[in-house]
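Participant: Okay, here's the structure, questions in a sec.
The values are calculated or read from the model by the stated rules, or taken from the named source; none is laboratory data. Everything numeric here is computed off the predicted structure, so don't read it as measured data. So basically every Cβ, Gly included, is an ideal-geometry build from the backbone, and we count neighbours across all protein chains shown.
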Amino acid sequence: MKRFLVLAALIAFGAGVAAYQAPQQPPPVIGTADKLEVVKLKDNFFVITSSNPTPRETFSGGNVTVLITDAGVTLVDTKLANWGQALLDKLKTITTKPVTTIINTHTHGDHTGNDDKFGTSVEIVAQENTKTNMAKMDAFKGDKAQFLPKRTFRDKLSIGSGNERIDLYYFGAGHTNGDAFVVFPALRVLQTGDLFAWKDAPRIDRANGGSGVQYPQTLAKAVAALKNVDTVVPGHSPLMTLKDLEEYQRYTADLLVAVQSARKSGKSADDAAASINLTDKYKGYKSERVKQAVQDIYDEMNAASSR
Ligand SMILES: [Zn+2]
């Protein structure tokens with residue numbers, strides 16, 4: 001009887017192993033232009049949105065801005081690779097001019113996925129750490145290395161002139177270690193990339209040099225430096241204002257303080273995340289990303305204190 005039970009258990013275990021399969025990635029969504037929403041801010045300036053990560057069927061990557069100049073079109077970010085044809089088709093409904101410049105706010109594939117779709121003469125611009133990060137991506141290896149940014153900057157760079165001038169700033173580590181803030185001074189528009197993606201805890205990509213500890217001071221520098229802005233284009237949300245960015249700076253500072261004091265009192269990262277509630281103070285904020293952010297900040301602080 002005992003032997004039978006052991007055998008039965010082994011068979012059941014074997015069946016369990018056979019039935020178990022690694023979780024499958026759902027097939028990629030191939031985007032179409034009709035799913036891309038466009039917001040017209042000026043005759044020569046548009047935002048291609050459909051940037052909310054959920055639902056997945058309409059998630060095309062980060063917000064893309066389109067500046068139409070005498071010389072050609074400047075794009076800031078280029079969405080997910082699977083939305084390349086959709087992006088090309090949508091641009092045709094906005095302008096017949098060729099894309100001549102691409103600015104990448106940071107390295108992630110939902111912001112750089114179609115840098116290679118506009119030909120080899122396009123000037124691609126990014127913060128210098130972002131170029132280093134992009135060079136590590138499979139999407140920019142081999143032949144595709146020609147689509148790495150050729151023009152880089154450390155702290156500040158202006159491109160174009162007059163009403164078409166674009167100012168790029170780097171304020172420090174946050175989402176990654178190469179997040180550019182892009183300002184269109186004549187239009188009073190700021191595009192933040194994912195340093196300000198949504199009203200929820202930030203994603204901190206430590207593998208690409210992101211820092212939850214430096215996040216609040218990086219945003220504080222941005223808030224102090226950028227005054228003449230009416231419209232803020234976040235990474236993955238509808239259009240906002242400078243007030244929203246200022247509030248987000250305070251949110252990241254409060255989040256960091258809450259994590260620091262939880263860690264000091266000996267709480268685990270999970271317990272800390274469960275005990276932190278910022279949504280009473282920050283109306284309209286979600287807490288879907290708090291757990292991950294708290295874990296990332298714990299990991300960062302643990303790594304620093306073991307050094
Ligand atoms: Zn990102």
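Participant: Determine the pairs where a residue that is under 13 Å from VAL76 (Cβ atoms), located within the stretch 163-184, has a partner that is among the acidic types (Asp, Glu) and surrounded by fewer than 23 Cβ atoms within 10 Å (Cβ to Cβ) with Cβ atoms under 7 Å apart, the partner being 6 or more residues away or on another chain.
Facilitator: VAL183/ASP167
Participant: How many residues are in contact with a Phe, Trp or Tyr (Cβ under 8 Å, 6 or more places away or on another chain) and either surrounded by fewer than 18 Cβ atoms within 10 Å (Cβ to Cβ) or more than 18 Å from ARG165 (Cβ to Cβ) (or both) if we restrict to the stretch 46-67?
Facilitator: Number of matching residues: 6.
Participant: Let me ask you something else. Kindly provide the set of residues from the stretch 231-251 that are assigned to a helix (DSSP H, G or I) and within 16 Å of the ligand (Cβ to nearest atom), ordered by number.
Facilitator: Across the stretch 231-251, the qualifying residue is only TYR248.
Participant: Which condition from (1) closer than 18 Å to SER211 by Cα; (2) within 19 Å of the chain's Cα centre (by Cα) is the one that MET301 breaks?
Facilitator: All conditions are met except number (2).
Participant: Still on this structure, please answer the following. Of everything in the stretch 54-87 that's without any contact (Cβ under 8 Å) to a residue 24 or more places away in the chain and within 16 Å of the ligand (Cβ to nearest atom), which residue is nearest to PHE181 (Cα to Cα)?
Facilitator: Going through the qualifying residues, I end up with VAL64.
Participant: With the requirement that a residue be of a type in the set (Ser, Thr, Tyr), within 16 Å of the ligand (Cβ to nearest atom) and either surrounded by 21 or more Cβ atoms within 10 Å (Cβ to Cβ) or closer than 21 Å to PRO53 by Cβ (or both), what does the stretch 96-138 give you?
Facilitator: Within the stretch 96-138, THR105, THR107, THR112, THR130 meet the criteria.
Participant: Shifting gears a bit: Among the residues of the stretch 180-194, is there at least one that is under 21 Å from TYR298 (Cβ atoms), in contact with a helix residue (DSSP H, G or I) (Cβ under 7 Å, 6 or more places away or on another chain) and either outside any loop (DSSP other than H, G, I, E, B) or of a type in the set (Ser, Thr, Tyr) (or both)?
Facilitator: no
Participant: Out of the residues in the stretch 191-224 that are over 13 Å from TYR248 (Cβ atoms) and hydrophobic (A, V, I, L, M, F, W, C), which is nearest to the ligand (Cβ to nearest atom)?
Facilitator: ILE204
Participant: Could you grab the pairs with beta carbons closer than 8 Å, sequence gap of 6+ or different chains, first residue in the stretch 293-307 and closer than 19 Å to TRP198 by Cα, second one β-branched (Val, Ile, Thr) and at pLDDT 95 or above?
Facilitator: Hits for this filter: ALA293/ILE204; VAL294/VAL259; VAL294/ILE276; ASP296/ILE204; ILE297/ILE204; ILE297/VAL213; ILE297/VAL259.
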